[in-house]
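Okay, here's the structure, questions in a sec.
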Amino acid sequence: MARLRDLLRPALVLAAILLPPGMARAEPAGCSAPPDAMEAAPLPGSVAALSRGALRVMVVGSASTQGGGTSGPAATWPERLEKVLGTRVAPATVQVSVFGGRGTTAADHARIIAEQAPRLRPHLIIWQLGTVEAARGLPPDEMVEAVQDSVAKLRASRGERTDVVLVDPQFSRFFRANADVETYRDRMRLAAAASGAQIFSRWTIMRHWAETERLDLERAPRAGRVAMADELHDCLARALTQFILQGTLRGPASAPRDRPPG
């Protein structure tokens with residue numbers, strides 16, 4: 001009987017993930033995102049890992065991955081992602097490791113990935129970039145080159161066992177007025193298409209929340225900004241969870257056979 005349970009476990013895990021939409025756990029209404037921003041392509045590495053019962057996620061990025069005005073590390077979207085996604089895919093486990101920091105660029109992140117990915121063997125890399133590049137007016141082609149080179153090296157070493165999702169800048173009216181954000185967002189889309197990575201458009205989702213007056217951090221009263229930042233990060237984690245689960249709906253249920261699992 002124990003042997004049968006072991007054999008059935010991957011199928012049971014995937015069955016829990018692949019619930020019809022009406023049966024899935026409802027998310028807070030205020031965290032709803034535009035449907036076109038939630039359309040994920042297949043995430044074969046993630047679904048294969050979940051079928052085996054454990055998903056390793058590597059988050060790399062700049063300030064918002066480390067705090068970004070929240071009440072503390074536990075309130076950041078990477079920490080919330082580990083909790084929210086872990087709840088949704090139980091009994092599979094989710095481990096999120098976070099790297100980067102304020103002021104780091106795509107080139108910095110590429111070096112971190114090159115150093116840490118062989119050790120961590122992540123099934124999913126969530127790469128937040130573009131904000132520092134746009135704020136400093138750095139050459140967008142350098143960002144594109146960093147992404148394409150990094151993803152190419154990952155594909156060479158891990159094949160389809162590691163998925164890559166790029167996260168674009170957070171929406172800000174001030175940022176939009178003072179930086180050429182759209183150029184960097186366009187170049188990110190180009191880099192994703194050329195490398196086989198995906199885009200999670202944090203900009204689109206946060207703009208929707210701001211324009212519908214659901215979560216508008218720039219216009220929040222000073223006394224309430226930390227609480228709203230916590231709520232914003234929680235909603236981003238929930239939106240990312242939905243995006244990842246959409247990708248697992250479309251990914252194969254078995255690991256690539258050309259390399260050992262891991």
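The values are calculated or read from the model by the stated rules, or taken from the named source; none is laboratory data. Just so it is clear, the model here is predicted, and its values are computed rather than measured. Heads up, the Cβs are rebuilt from the backbone with ideal geometry, glycines too, and the neighbour counts pull from every protein chain shown.
Take G159 and decide whether it is among the small types (G, A, S), at pLDDT below 95, out of contact with any helix residue (DSSP H, G or I) (no Cβ under 7 Å at 6 or more places or on another chain) and more than 22 Å from D36 (Cβ to Cβ). Steps first, answer last, please.
Numbers: among the small types (G, A, S): yes; at pLDDT below 95: yes; out of contact with any helix residue (DSSP H, G or I) (no Cβ under 7 Å at 6 or more places or on another chain): yes; more than 22 Å from D36 (Cβ to Cβ): yes.
Spelling it out, G159 is indeed among the small types (G, A, S), at pLDDT below 95, out of contact with any helix residue (DSSP H, G or I) (no Cβ under 7 Å at 6 or more places or on another chain) and more than 22 Å from D36 (Cβ to Cβ).
Keeping to the range 60-78, report how many residues are of a type in the set (A, V, I, L, M), part of a helix (DSSP H, G or I) and surrounded by 17 or more Cβ atoms within 10 Å (Cβ to Cβ).
2
Of all residues in the range 100-113, which are on the phi < 0 side of the Ramachandran plot and touching an Asp or Glu at 6+ places or on another chain (Cβ under 9 Å)?
Selection gives T105, A106, A107, A110.
Answer with yes or no whether E145 is over 18 Å from the mean Cα position of the chain (by Cα) and assigned to a helix (DSSP H, G or I).
Yes, satisfied.
Filter the range 198-241 for residues that are among the polar types (S, T, N, Q) and over 14 Å from G30 (Cα atoms); which is surrounded by the fewest Cβ atoms within 10 Å (Cβ to Cβ)? Let's see the steps before the verdict.
Let us first name the residues in the range 198-241 that are among the polar types (S, T, N, Q), namely 198, 201, 204, 212, 241.
Checking which are over 14 Å from G30 (Cα atoms) leaves us with 198, 201, 204, 241.
Working: Q198: 21, S201: 24, T204: 17, T241: 23.
Selected residue: T204.
Here is a check on your reading of the model: is V151 farther than 23 Å from G68 by Cα, surrounded by 19 or more Cβ atoms within 10 Å (Cβ to Cβ) and touching a Ser or Thr at 6+ places or on another chain (Cβ under 8 Å)? I'd like the intermediate steps shown before the answer.
Working: farther than 23 Å from G68 by Cα: yes; surrounded by 19 or more Cβ atoms within 10 Å (Cβ to Cβ): yes; touching a Ser or Thr at 6+ places or on another chain (Cβ under 8 Å): yes.
When the stated conditions are applied, V151 passes them.
So, A227, is that one within 16 Å of the chain's Cα centre (by Cα), more than 19 Å from R161 (Cβ to Cβ) and at pLDDT 85 or above or not?
no
Now for a separate question. So is A106 within 20 Å of T162 (Cα to Cα), modelled with pLDDT of 90 or more, surrounded by fewer than 18 Cβ atoms within 10 Å (Cβ to Cβ) and within 17 Å of the chain's Cα centre (by Cα) or not?
Criteria not met by A106.
In the range 116-142, how many are assigned to a helix (DSSP H, G or I) and either modelled with pLDDT under 95 or among the polar types (S, T, N, Q) (or both)?
Quick first cut of the range 116-142, residues assigned to a helix (DSSP H, G or I) only: 116-120, 131-136, 140-142.
With either modelled with pLDDT under 95 or among the polar types (S, T, N, Q) (or both) added as a condition, the list becomes 116, 131.
The number of residues fulfilling the criteria is 2.
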